[in-house]
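Heads up, the thing below is written out as structure tokens.
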Amino acid sequence: MIQDFKGKTAVLTGAGSGFGLECARIGAARGMNLVLVDVQQDALDKAQAEMEAAGVQVLARKVDVASAAQMEQLAQDVQARFGAPHFVFNNAGVGAGGLVWENSVADWEWVLGVDLWGVIHGVRLFTPMMLEAAAKDPAWRGHITNTASMAGLLTPPNMGIYNAAKAAVVSLTETMYQDLRLVTDQIGASLLCPYFVPTGISSSQRNRPGELAAAKPTKSQLIGQAQSDKAVSSGKVTATEVAQKVFDAIEADQFYVYSHPKALGNVQHRMEGIVAGTNPADPFLERPEIGAKLRAQLRA
């Protein structure tokens, strides 16, 4: 666990907005060197200017986290400038919805590319650097936090492409925790599972690459986008509060980080059903009016 952040280096993907930006602000306040990574240049420039004004060392890179080559170059740049990072926040994410059989190959490649492959690249490139630093210095400490979602622990309908990506991040990160425990006591791990928090994810289509352009949206995708917009924009827990939970977890060596612990009742119902072998529960048991509306819209 990291106790003293001053002078330590943090790599943050999706640093131009949302959780990434808020974690960068906390890191700057604690005197960290910041590696800011985002695919949106104007947001990245703004974040860089803000962090440099706070008086910390900043390396800003426009990177598509889905690209192995771009992520490999990023890792080389980080090593050259700051050495092995102490904190890696694999956080960049995009969202897409609709009935699971209606998503195009381009939809799958885009969402899995950012939400899953982005995390894979961050883990495979930075963990060896951190392990090498730890082996050289018994006092060295590091931490890796991957952003999944409550959607990785639940299976809400009409957003299967996102659920699948985030469920993979949950499995990857839980396994990474166990793998790290086999080889070192100097590097911790956390899994961030936010629920509906006002961030830029509901408008992530703005950064969708042209070669993976979306087809004309289906009815289910339009309904899903409207639901997502409403749920995210009306969230009461802020990205700032979630970022503080991320840093609290690093200090406490806490693995699971939840923005909305009350939502865990739904996770418990799902897990109990898995153990009991019952069919998947109605995801709208607590809010049946939402399920009724969605069903009516899709069958209209």
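No lab work stands behind these numbers, since they all come straight from the coordinates. Note that this is a predicted model, so its numbers are computed, not measured. With ideal geometry, Cβ positions are generated from the backbone for all residues, glycine too; neighbour counts draw on all protein chains shown.
Quick one: go through region 132-153 and flag any residue whose amide nitrogen is under 18 Å from the point 7 Å out along the Cα-to-Cβ line of Arg181. Residues 142-146 qualify, since their backbone N sits under 18 Å from the label point. Normalised by the number of residues in region 79-204, the average gap of Cα pairs under 8 Å and 6 or more apart makes the relative contact order 33 percent. Maximal additional length on extending the Ala213-Glu52 stretch stands at 54.5 nm, based on 0.36 nm per residue less the C-alpha distance.
Taking a ≥ b ≥ c as the square roots of the eigenvalues of the Cα gyration tensor, region 23-140 is classed as oblate, since a/c reaches at least 1.5 and a/b does not exceed b/c. Bridging of Lys293 to aspartates and glutamates at a Cα separation below 17 Å is possible for Asp229, Asp282, once same-chain residues fewer than 8 apart are set aside. Counted by Cβ distance under 14 Å from Arg181, the other residues give a net charge of -4, where Lys and Arg count +1 and Asp and Glu count -1.
Charged neighbours of Ala168, selected by a Cβ distance under 13 Å, balance to -1 (K, R count +1; D, E count -1). Among 171-180, 26-35, the peptide with the highest mean count of other Cβ atoms within 10 Å heads the list, and the full ranking is 26-35, 171-180.
Close amide H contacts of Ile187 (hydrogens built in the peptide plane, cut-off under 5 Å, sequence separation of 5 or more or a different chain): Gly142.
Per residue, the average separation of C-alpha pairs within less than 8 Å and at least 6 apart gives region 36-99 a relative contact order of 27 percent.
The lysines within cross-link reach of Lys6, meaning a Cα-to-Cα straight distance under 26 Å and a gap of 8 or more places when in the same chain, are Lys46, Lys62, Lys136, Lys245. Given axes a ≥ b ≥ c from the Cα gyration tensor, I'd like to know whether the chain is rounded (a/c under 1.5), prolate (a/b larger than b/c) or oblate. Because a/c hits 1.5 or more and a/b exceeds b/c, the chain counts as prolate. Under the shape rule built on the C-alpha gyration tensor, where the axes satisfy a ≥ b ≥ c, region 90-176 is prolate, since a/c reaches at least 1.5 and a/b is greater than b/c.
Helix 118-136 versus the longest principal axis of the chain: what is the Cα-based angle in degrees, 0 to 90, to the nearest 10? Helix 118-136 and the main axis of the chain meet at about 30 degrees. Across the chain, the relative contact order, built from alpha-carbon pairs under 8 Å that are at least six residues apart, equals 19 percent.
In region 158-300, taking the dipole from charged Cβ atoms about the Cα centre, the farthest positive-side position among Phe255, Tyr162, Thr184 is held by Tyr162.
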